[in-house]
1. For the chain, modelled as a Gaussian network with Cα springs under 10 Å, which listed residue fluctuates most, Q103, Q58, Q120?
2. Highest GNM mean-square fluctuation, the chain, Cα pairs closer than 10 Å: which of G66, G49, G105?
3. Length gain on complete extension for the stretch Q82 to R117, per 0.36 nm per residue less the alpha carbon to alpha carbon distance?
4. How many percent of Cα pairs in the chain exceed 19 Å?
5. Out of the total accessible area of the chain (probe 1.4 Å, heavy atoms of protein only), what percent is carbon and sulfur?
6. Whole number in Å², please: accessible area per residue of the range 28-83, 1.4 Å probe, ligands, DNA and RNA not counted.
Amino acid sequence: MDPRTTPNRLKSMPSWLINQLSLHAHRVVAERLRTAHVAHRYHYSLLAGLAETGPASQADLGRRVGLDRSDVTAAINDLAAQGAVERTTDPADRRRNVVSITQDGQQHLRAMEALLRAAQDELLAPLSEAERAELIRMLAMLVDHHTPAN
């Protein structure tokens, strides 16, 4: 369906609009990351989570960034193989590993952030800076409202 010819009834439904934009956003981000040979967007989420809040167990990290446990394991394995993260034994619980971002991981994160900024610019091209800020503020408010407190 061409969104420019979509019935106004659908265009008046925020859930439909958010879904349509989400589909397009996923395509734009995936294409940017694919052209830079980044395996998966999960890599960005995990590295950003580690950079922002520090070392964590894989389970805690997955909860922080909202990823499924199996996706976290696979992505951490990829990132460890690239030297972007390292695992160390948790001194408080020797059965558990703590994951931390490396210097290479910090550089990889900065490179991905540049790609993602370009994707955001493409996605939000018709909006002014003020409109972008307001959209981000409102979307964050909705996400915060619908995200259960831990």
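1. Q103
2. Most flexible of the set in this elastic network: G66.
3. Values: separation 35, 0.36 × 35 = 12.60 nm, distance 2.30 nm.
Contour length minus the Cα-Cα distance gives 10.3 nm.
4. Above the 19 Å cut-off, the chain has 62 percent of its Cα pairs.
5. The nonpolar share, carbon plus sulfur, comes to 54 percent.
6. Numbers: 2970 Å² over 56 residues.
Computed with neighbouring chains in place, this is 53 Å² per residue.
The values are calculated or read from the model by the stated rules, or taken from the named source; none is laboratory data. Quantities reported herein were computed from a predicted structural model and do not represent experimental measurements. SASA here: full protein model, heavy atoms, side chains in, ligands and nucleic acids out. Shrake-Rupley method; radii C 1.70, N 1.55, O 1.52, S 1.80 Å.
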